[in-house]
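One structure below.
The values are calculated or read from the model by the stated rules, or taken from the named source; none is laboratory data. All of these numbers come straight from a predicted model, not from anything done at the bench. Cβ coordinates were reconstructed from backbone atoms using ideal geometry, including for glycine residues, and neighbour counts include every protein chain displayed.
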Amino acid sequence: MDCSRFKCNNLLFAECCQDYFCCWVCHKKEKNHVLYTIPHVKCRKCDTINDLTNECIKCHIKFNDNFCEKCVIWHNFKNTFHCDKCDACFNGKKSEFYHCPKCDICILQKVLSSHKCEIINDKDENCPLCTDNLYKNKRNNFILKCGHIMHRECFKEYKSNYKDLDKIFKCLICYKSINELADDEKKFDNLKFNYSIHIDKISWKTKYSCYDCKVTNVTSYHPKYIKCINCKSYNTSSIEVYKQ
């Protein structure tokens, strides 16, 4: 298998499989397990076995633009840095990130205002989707805006299942919305407008609870789409329905 993911001039030797692979990602896709140990690499140009370096000892070809000895990753990203505290590489400038000492993870400065230490610091050790450990490789994790964490690949899979559904895309732990509320509001306003409701129930009321703003209130009844009058979220649950 060769995806030319980073167009590297070397092949990684997977000690677990006793075979060569173009990258970590293709190894996992083909073998269905994580590649942990790489004792050496092979030059694509001259087939020479090399230590974990970025230049072939025989033909002197450069394997890729950048190489991290600690993560054993070759890549062509221009701006990357290795965080010793996270023991992981990040795509971006070091100045763009902040390492939270409580959560022991690097966070983008631009989303730092929404970071919630009290949630992550009291974290579950396992991904809520696959239940595998979250902290074997921190660079594979994705932080939701509510503060909870999933594996990046699990998040993509979870999100893809919501692509064509008329349901709120929410955190599996706290049930808060993952999408921006304004985007969901437009989508569900339209769905609600095109949803037919029995004429006798138009004047009914419903008591509801909102997962996003944690408010309990009363609004006009709807059998499927109940919009919070406080935060405009449709991420709600009906508690009681009654005639006005």
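Here are a few things to note about the model shown:
- For residue 113, the test of being of a type in the set (Ser, Thr, Tyr) and at pLDDT below 85 is passed.
- Answer from 83, 89, 103, 154 - the residue that is closer than 28 Å to residue 175 by Cβ, at pLDDT 80 or above and surrounded by 17 or more Cβ atoms within 10 Å (Cβ to Cβ): 154
- Qualifying residue in segment 29-46 (condition: acidic (Asp, Glu) and in the same structural domain as residue 144 (by TED's automatic domain parsing)): no
- The residues of segment 202-244 that are among the hydrophobic types (A, V, I, L, M, F, W, C) and within 16 Å of residue 176 (Cα to Cα), listed by number, are 210, 213, 215, 226, 228, 231.
- Selection from segment 201-215 of residues that are within 21 Å of residue 171 (Cβ to Cβ) and either touching a Pro at 6+ places or on another chain (Cβ under 8 Å) or surrounded by 14 or more Cβ atoms within 10 Å (Cβ to Cβ) (or both): 208, 209, 210, 211, 212, 213, 215
- Condition check for residue 221: in contact with an Asp or Glu (Cβ under 9 Å, 6 or more places away or on another chain) and either charged (D, E, K, R) or surrounded by 15 or more Cβ atoms within 10 Å (Cβ to Cβ) (or both): no
- Failed criterion for residue 125 (all others in (1) over 23 Å from residue 22 (Cα atoms); (2) loosely packed, with under 12 Cβ neighbours inside 10 Å; (3) modelled with pLDDT of 80 or more hold): (3)
- Test: residue in segment 219-233 that is under 14 Å from the mean Cα position of the chain (by Cα) and at pLDDT below 90: no
- In segment 70-114, the residues that are among the charged types (D, E, K, R) and assigned to a helix (DSSP H, G or I): 94, 96, 110
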